[in-house]
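Heads up, the thing below is written out as structure tokens.
The values are calculated or read from the model by the stated rules, or taken from the named source; none is laboratory data. Just so you know, these numbers come straight off a predicted model, no measurement behind them. With ideal geometry, Cβ positions are generated from the backbone for all residues, glycine too; neighbour counts draw on all protein chains shown.
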Amino acid sequence: MDLFVDSRMTPSVISDEAHISDLITKKLMRENKSSTKALRFATLFNKLQAQTILKRKWAVLYFLMSVSEQSNDGDASKLATTLFDQTFSHRGLESISHETGKVTETQNTFISNVNPTSIQETIKEPVYMQEDEQYYDLPPRVVLQKKVAEAENTMYEISEALLLRDIVFVFQGIDGQYIKFDKTTGSYLVDSKIGVQRSTRELISRLSEMGCLYRKVHAFVNDSIDDISIGLVGQAFCSALQRELTEYYKLMAILESQITKEVDTNLSTQSIPLSLKRMLVSINESAEKLRLMAVLVDGCARQKGGALVSYIYMHTNHGDPFRHEFVEHILEEVSKPFYEMLQSWIYEGELEDPFEEFFVGCDQTVEEEDLWQHKYFMRTDMQPSFISPLLAKKIFSIGKSLNFIRYSCHDNDLVTGKGKSTKSVLKYGDVIALEHSIDATYTKTSKRLLDILFTKYKLMEHLAALKRYLLLGQGDFVQYLMDQLGSGLSKPANTLHRHNLTGTLEAAIRASNAQYEDQDILQRLDVRLANISAGDVGWDVFSLDYHVDSPINTIFTPPAMILYTELFRFLWRLKRVEHDLSAAWRRQMTCARTLAQIPEMEKDINNSRLVCSEMIHFVYQLQYYLLFEVVGCSWDVLETDINKKSGDLDSLIEMHNRYLNDITTKGFLRTSDQDYLPSVLKIIGFILQYKNVLDELYNFVVKELMRREHSNIQPSRKGKSEREAREAFLPIQRKLGEVASSFKGELVNLLAELANHKDTDFRFLSVRLDFNEFYSAQKK
């Protein structure tokens, strides 16, 4: 049966047999000059530990010590009170009233937890070191004697008040008398000659963490406060840390003043002392702030500008209200330079960023003509995480638009006048208010810029002019130009003169409705000759040109104008084929009576008329597809999007690029996986060859008629002349058949591929070219 010793004096502490044994041993050694009683107690304590029947041994020792203290009077009573208080101080309890046996409330002051007599002089007492494994095999008496001797020779105990004073020094990164910083371990350590219990050392270690954190933060501030390379945001961060350290210094001054006052005035033991544990609780909030500052210092050492703001903002996403509020307080100070740069950018278009901390950058070497496209760029690594990509794009567009209005459009109304009245101070905190302010400024700035382009610089008129002249939308002008230039462009390219072509262009303008065009647009219309290669004719190098300057060259960029030129040459080539086929058809009709005089050629001439009709049908249907279904439909979409007048200049550029992409992709019959343009160019080449063979045929017929008229005068040569005529006609006949066959074969293949394409526009083109399934029947 187990034996339990119980008492109504059960304390509300955690049992520690070793500690209560140590207190009793010290008490016995103070009251007796010899160590006999202490040794006897050690022997009895060992026997008590060997007992298995007792379960609450610590309670037995505590009860005996309490009875001993109550039976003493005078100095013994005072010593018992000291031991009693030390017991509960070690356990982190509050002051206990011996009369009532209840725990009382601790006063919210910092008072030393030691006997005043022990403060005035260092108490050199032997310390019972029971945890050394080297004494486990020795008898208790020998163990006690050895430990007492070693303690007297090597170690001494100091009061907790002195440790507290050292701790205050440690809090400020200063070495104390007994607690010093160890560079090897990077932490504060208690002097090894001081006899301090393990629990006390652990407390000191936890408290000295503040000293290590302070050293880290203080060193960062001192090293960075005068370093301009960290930028304006980095300087603001150091300033915010310095402000928090100033508050920390105030707390240290209060602690140091109170501890010094208690030690110097030798307060009575009736006061509520400041213990190490109470110190740990009291500095909890300051310690948490230092931990957060140290974490920020570690992460921000290699950051600057928007990246630094973004890193600090990341720590606000925390469930701890204290941590969230503290980081928000730091961030409000740190983000001030960033918001000043943001405000200057969106309201004035000025980029005040000497240390490249803003997420918008500027290349000062870029000329005014390329301002919108290349002068400004975004640094995504400097974009704060609380600014979304869409909001950042709007911010980027606002400042760029202001500079475009100022330098490219030469208009300062928004910057110097109307814009200033709507300014609002931007600061960290309300992201929704920031978004509303940015959206309002973005809408106003973009609308102002688009209005300038469409009114002052007539952007829509320029778009329409490009469609009418470079995309051959002005029919009467194109037809007159073709009629005047047709014969001259058939000559070698090196025989062309630019002034002659320019004169013809001006004549075409005066002879068509183009004469009513705005003079600014007509002055931009010009003639261009490409680089001449060997064998080129005028058709290969001639094209119209349209001059653009700032600011409309931001929309009509050089790559865009190259696409316009390529489209013109392709459409102009179709117009040339149409012109040649029309001339051949007119010649067939006007020479029909003459051709009928040679009956043996009637079949070939009739076949040539049929083939010529097929070619004309192909060219007309392809032109209709390009001018109406491709250019016309794409123009309607572009015009609809522009009339909405929403978005910014980037949106307008995107609309125009999409328009160009549509007409070049469908106009050149190109897709991502297929390109039909080479087949179309082959067919056009066969048509031009066939027209040349027809010219040979007509020339041959004219010569043959003249020869036959001459043969009628000289009948003796008639038979020979007919044989020569048939032999001369055979090569022409063979060419007609070969070119016609090549044309039909290539056309049939093209129609088959277009009919099976996934794009409906290409399938409809196939139906339009073979609406009566004439070529499909031939293929079968």
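A few comments on the model shown:
- Residue count, region 535-569 (criterion: under 20 Å from HIS462 (Cβ atoms), part of a helix (DSSP H, G or I) and among the hydrophobic types (A, V, I, L, M, F, W, C)): 7
- Qualifying residue in region 387-405 (condition: at pLDDT 90 or above, touching a Cys at 6+ places or on another chain (Cβ under 7 Å) and either surrounded by 13 or more Cβ atoms within 10 Å (Cβ to Cβ) or among the basic types (Lys, Arg) (or both)): no
- The lone exception for LEU688 - which of (1) surrounded by fewer than 19 Cβ atoms within 10 Å (Cβ to Cβ); (2) within 46 Å of the chain's Cα centre (by Cα); (3) in contact (Cβ under 8 Å) with a residue 60 or more places away in the chain; (4) closer than 16 Å to LYS575 by Cα it fails: (2)
- In this structure, PHE668 qualifies as touching a helix residue (DSSP H, G or I) at 6+ places or on another chain (Cβ under 9 Å) and either closer than 23 Å to GLU578 by Cα or at pLDDT 95 or above (or both).
- Considered as a group, the residues in region 284-303 that are modelled with pLDDT under 90 and surrounded by 15 or more Cβ atoms within 10 Å (Cβ to Cβ) include one that is farthest from ILE204 (Cα to Cα), and that residue is GLN303.
- Residues that are part of a helix (DSSP H, G or I) and surrounded by fewer than 13 Cβ atoms within 10 Å (Cβ to Cβ), drawn from region 655-676: ASN661
- The set of residues in region 502-523 being within 53 Å of the chain's Cα centre (by Cα) and either touching a residue at least 60 places away in the same chain (Cβ under 8 Å) or more than 12 Å from ASP545 (Cα to Cα) (or both) consists of GLU506, ILE509, ASN513, ALA514, GLN515, TYR516, GLU517, ASP518, GLN519, ASP520, ILE521.
- Test: ASP636 is surrounded by fewer than 20 Cβ atoms within 10 Å (Cβ to Cβ) and either among the aliphatic types (A, V, I, L, M) or not in a loop (DSSP other than H, G, I, E, B) (or both): yes
- For region 171-224, a tally of residues being of a type in the set (Phe, Trp, Tyr) and without any contact (Cβ under 8 Å) to a residue 60 or more places away in the chain returns 3.
- Condition check for LYS261: in a helix (DSSP H, G or I), at pLDDT below 85 and of a type in the set (Lys, Arg): yes
- In region 301-403, counting only helices (runs of 4 or more DSSP H) that sit wholly within it, the ones holding 2 or more residues that are free of Cβ contacts under 8 Å to residues at least 24 places away in the same chain, under 14 Å from the mean Cα position of the chain (by Cα) and not assigned by TED's automatic domain parsing to the domain that holds ASP223 span 389-403.
- Pick from region 442-471, criterion of a type in the set (S, T, N, Q) and more than 17 Å from ASP641 (Cβ to Cβ), ranking: farthest from the chain's Cα centre (by Cα): THR455
- Residue in region 523-534 that is assigned to a helix (DSSP H, G or I) and under 26 Å from ASN643 (Cα atoms) present: yes
- Residue within region 526-540 that is buried (at least 18 other Cβ atoms within 10 Å of the Cβ) and in contact with a His (Cβ under 9 Å, 6 or more places away or on another chain) present: no
- Meets criteria (at negative phi, assigned by TED's automatic domain parsing to the domain that holds VAL701, over 58 Å from the mean Cα position of the chain (by Cα) and modelled with pLDDT under 90) for LYS718: yes
- Residue match in region 160-171 (condition: modelled with pLDDT of 85 or more and of a type in the set (Gly, Ala, Ser)): no
- Any hit, region 721-743, residues being of a type in the set (Gly, Ala, Ser), surrounded by 18 or more Cβ atoms within 10 Å (Cβ to Cβ), modelled with pLDDT of 85 or more and more than 21 Å from LEU571 (Cβ to Cβ): yes
- In region 586-604, the residues that are more than 25 Å from SER741 (Cβ to Cβ) reach residues that are acidic (Asp, Glu) with C-beta atoms within less than 8 angstrom, at least six apart or across chains, in these pairs: ALA596/GLU602.
- Any hit, region 209-222, residues being surrounded by fewer than 22 Cβ atoms within 10 Å (Cβ to Cβ), modelled with pLDDT under 85 and part of a helix (DSSP H, G or I): no
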